[in-house]
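The values are calculated or read from the model by the stated rules, or taken from the named source; none is laboratory data. Quick caveat, the model's predicted, so the values are computed rather than measured. Positions of Cβ are backbone-derived with ideal geometry, glycine not excepted, and every protein chain shown enters the neighbour counts. Remember, those area values only see protein heavy atoms, side chains included, never the ligands or the DNA or RNA. Shrake-Rupley method; radii C 1.70, N 1.55, O 1.52, S 1.80 Å.
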Amino acid sequence: MPAENAETVRTVVDAFNRRDFDAALAPLRDDVTWERFLSRAEAATPAVLGKEELLAVWKSQVEAVDLRVEPEEFIPIGDRVVAPMRMIARGSGSEIELSSSITWVSTFDDEGLCTKVEAYDDREDALRAVRSE
């Protein structure tokens, strides 16, 4: 199932970039846990819990900035997929573009649904975390 999980992450990213939130949320469990899109050092805010809360966060983010993610690769490791990517945001009023690197680690259940997404600042930190568990 690792290859299918990697394809699922690609599907979520593509759907998010198209703003097809229904398609992006479809392969996630209803009680999915998704870390905020902040560096781990800044992650004092709690994770987003559940599809409804995640949808509200996504809508709020794309209203504030034109946000898209550009994946570099999808690395399946057991029940997880490590996905290093660039997050690119363009201010709606200023048109200033900012980008940063982030790596998502998505965890899947036996039915192929995503149960959790964790955010890492560094690709190697994400890979180490997944391989050490």
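For the chain, which whole-number percentage of the solvent-accessible area (1.4 Å probe, protein heavy atoms only) is attributable to carbon and sulfur atoms? Reported share for carbon and sulfur atoms: 49 percent. To the nearest ten degrees, helix 123-132 and the longest principal axis of the Cα atoms of the chain are 30 degrees apart. Short-range pairs are left out: with C-alpha atoms under 8 Å and at least six residues apart, the relative contact order of the chain is 25 percent. The Cα atoms of the chain give a gyration tensor whose axes a ≥ b ≥ c have a/c of 1.5 or more with a/b greater than b/c, which makes the shape prolate. Modelled spin-label separation between Leu113 and Arg131, with each label point placed 7 Å from Cα along the Cα-to-Cβ direction: 3.2 nm. Between the amide H of Asp122 and those of Thr103, distances stay under 5 Å, these residues lying 5 or more places away or on another chain, with hydrogens modeled in the peptide plane. Say R0 is 22 Å: what FRET efficiency, to the nearest 0.05, do Gln61 and Glu124 get from their beta-carbon distance? So the FRET efficiency works out to roughly 0.25.
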